[in-house]
Amino acid sequence: MKVLRKKVLAAAALSAAMILFMLGPAAAADDPAVLAADRDFVQAAAKSDAAALGKLLDTDFVWIDASGKKANRAQVLGSVPKLIIDRQAPENRHDYGQVDVVQTDSARLHVMRVWVKRPAGWRALVYQEVQSLDAPPKMTPSASRECQNPCKSVPYTPKTETQRAVIEAYRGLETSAMTHDAADWDAHTGEEFVAASSYSDRLLDKPTRMAELKRANMAGLAPTPLASATLFEFGDAVVMRSRHVPDQGKPLEVTRVWVKRDGKWVEVASYQTAVQGGGAS
């Protein structure tokens with residue numbers, strides 16, 4: 001009986017280890033401190049409590065609403081915007097060590113909150129809203145057929161080796177999308193990948209995106225020329241904020257999260273909000 005019991009316990013431990021391995025780094029338990037900070041953020045924003053919110057925002061914080069309007073920390077605290085999704089909506093979380101990503105969806109509305117760990121504690125770096133289309137897109141803004149930018153080169157000079165590697169991965173990802181190379185695109189993305197775009201009628205997870213690429217269908221999400229970018233490094237995670245100007249359609253405010261796995265940088269989240277009016281945000 002003792003031998004049998006040991007075998008059962010060993011098998012159970014092995015099964016648990018295999019499950020954790022398959023789930024990967026994104027399944028790590030969230031730091032209780034970031035859970036509390038995110039809860040306080042939502043409550044403060046819902047109450048328009050600038051004093052409480054100010055304690056949670058990073059100095060580089062931006063709020064991008066569903067119309068593509070971008071507000072910095074000072075602007076947000078001067079007039080706290082309204083949350084687009086009720087605070088009771090279900091949340092999907094991913095812990096990347098020094099970066100924590102929270103995603104909330106309600107019908108055609110999508111929100112991503114990106115938290116980063118600073119020496120003083122967890123701070124919100126990005127709050128971004130996306131509203132999906134109510135029908136499949138008739139037109140997908142993209143780069144030119146040659147895809148010089150962003151496939152071959154981008155107007156961004158990396159300041160570190162990490163930034164250089166992420167920009168190289170970004171160019172590879174966009175090239176694979178432009179050429180509908182689903183296998184190569186797969187290699188550039190994490191299993192938990194999700195994308196939301198103002199030009200798509202759905203939230204795109206990895207299986208859906210790969211299926212669309214195999215059918216040569218961009219599904220409202222296509223490479224667009226990069227106009228400017230800022231990269232924030234946090235260990236094996238990088239937050240990339242960028243602005244894009246497609247060959248047709250409105251400019252886009254985009255936030256991407258990249259994670260280093262097995263020596264390679266892969267994209268795990270991409271939120272793309274069209275700038276209504278197309279002017280400067």
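By the gyration tensor of its Cα atoms, with a ≥ b ≥ c the square roots of the eigenvalues, what is the shape of the range 31-117: rounded for a/c under 1.5, prolate for a/b over b/c, or oblate?
On the way: a/c = 1.43, a/b = 1.10, b/c = 1.31.
Verdict is rounded for the range 31-117.
Divide by every residue of the chain the summed helix terms, -39500 (n - 2.57) for each DSSP H run of at least 4, and state the resulting mean residue ellipticity at 222 nm, rounded to the nearest 500 deg cm²/dmol. Please list the in-between numbers first.
Working: 7 runs with 81 residues, N = 281.
Estimated from H runs of four or more residues: -9000 deg cm²/dmol.
Please compute, over every Cα-Cα pair in the range 181-257, the percentage with a separation greater than 18 angstrom.
Values: 1394 of 2926 pairs.
Value for the range 181-257 (Cα pairs over 18 Å): 48 percent.
Around Ser242, under 11 Å between beta carbons, what's the net of Lys plus Arg minus Asp minus Glu among the other residues? Intermediate results must be reported in sequence, preceding the final value.
Numbers: positive: Arg241, Arg243, Arg256; negative: Glu253.
So the environment of Ser242 carries a net charge of +2.
For the chain, what's the relative contact order in percent, using C-alpha pairs closer than 8 Å and at least 6 residues apart? Please report the intermediate quantities before stating the final value.
Details: 544 pairs, mean separation 47.5, N = 281.
Reported as a whole number, the value is 17 percent.
Give me the percent of Cα-Cα pairs in the range 119-204 that sit more than 15 Å apart, rounded to a whole number.
72
Give me the dipole magnitude in Debye, nearest 20, for the chain about the Cα centre, with unit charges on the beta carbon: positive for Lys and Arg, negative for Asp and Glu. List each step's numbers first, then the result.
On the way: 36 positive and 33 negative charges, 76 e Å.
The dipole magnitude comes to about 360 debye.
Using DSSP H assignments, which helices in the chain have an axial alpha-carbon span of 30 Å or above and a mean Kyte-Doolittle hydropathy of 1.0 or higher? Could the numbers behind the result be given before it?
Working: long enough: 2-23 (32 Å, 1.47).
Within the chain the helices that satisfy the rule are 2-23.
Find which of Ser176, Gln43, Ser79 sits farthest along the positive direction of the dipole of the chain, computed with +1 on the beta-carbon of Lys and Arg, -1 on that of Asp and Glu, about the Cα centre.
Result: Gln43, furthest along the dipole toward the positive end.
For Lys82, which lysines qualify as cross-link partners when the Cα separation must be under 27 Å and same-chain residues fewer than eight apart are set aside?
The reachable lysines, counting only those whose Cα sits under 27 Å from Lys82, are Lys47, Lys55, Lys69, Lys70, Lys117, Lys250.
For Cα Rg over 2.2 N^0.38 Å, which listed value, (1) 1.16; (2) 1.98; (3) 1.05, comes from the coordinates shown?
(3)
Can you tell me what share of the DSSP beta bridges in the range 50-189 is antiparallel? A percent to the nearest 5 is fine. Kindly include the intermediate steps, with their values, before the conclusion.
Working: 26 of 30 bridges.
The answer is about 85 percent antiparallel.
Given a cut-off of under 8 Å on Cα pairs at least six residues apart, what relative contact order in percent is computed for the range 163-235? If you can, show how the numbers build up before the last one.
Working: 63 pairs, mean separation 22.7, N = 73.
It rounds to 31 percent for the range 163-235.
Considering Cα pairs under 8 angstrom that are at least six residues apart, work out the relative contact order of the range 226-275 and quote it in whole percent. Kindly include the intermediate steps, with their values, before the conclusion.
Values: 99 pairs, mean separation 14.3, N = 50.
That works out to 29 percent.
Here, each number is a calculation from the coordinates, and none is a lab measurement. As the structure is a prediction and not an experimental result, all values here were calculated from the model. Positions of Cβ are backbone-derived with ideal geometry, glycine not excepted, and every protein chain shown enters the neighbour counts.
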